[in-house]
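Written below as structure tokens is the structure these notes are about.
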Amino acid sequence: MGNTDSGRYTSLKEFYPFYLSEHQNTTCRWLHFIGTSLIGVWVVAALLTRNPWWLVLVPVAGYGFAWIGHFFFERNKPATFQYPGYSLASDFILWWHLLTGKERFSASRG
């Protein structure tokens, strides 16, 4: 794992396969997709209404749905605790891949 002696991932390209391996449960993937979609909806709502209070909900969607997916369905620790930047970027990549059909909601298990 990783290109350094510390064993940490050093690029998003290297991290993303690990991220996918931590998101094999169908319900977890759906919860990530819903949460990431809500982030977009609430950011747009904040812009359209010029009401920044919508942005308060962004972490609820971004973390709430994902953490429920990990703790109750995937039964693993979210990667965001160790790799917050790569994990955030990977959330949006997975969302796009699910939307476009490059990834499936039903992965290898769950």
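Couple of notes before you dig in:
- Set 90, 11, 21, 37: member being more than 13 Å from the chain's Cα centre (by Cα) and of a type in the set (Gly, Ala, Ser): 11
- Within segment 34-68, tally of residues that are aromatic (Phe, Trp, Tyr) and under 16 Å from residue 79 (Cα atoms): 3
- For beta carbons closer than 9 Å, sequence separation of 6+ or different chains, a first residue in segment 80-105 that is within 8 Å of residue 19 (Cβ to Cβ) and a second that is modelled with pLDDT under 95 and surrounded by fewer than 12 Cβ atoms within 10 Å (Cβ to Cβ), the qualifying pairs are 87/81.
The values are calculated or read from the model by the stated rules, or taken from the named source; none is laboratory data. Worth saying up front: this structure is predicted, and the values here are computed from it rather than measured. Positions of Cβ are generated from backbone atoms using ideal geometry, with glycine treated the same way; all protein chains shown enter the neighbour counts.
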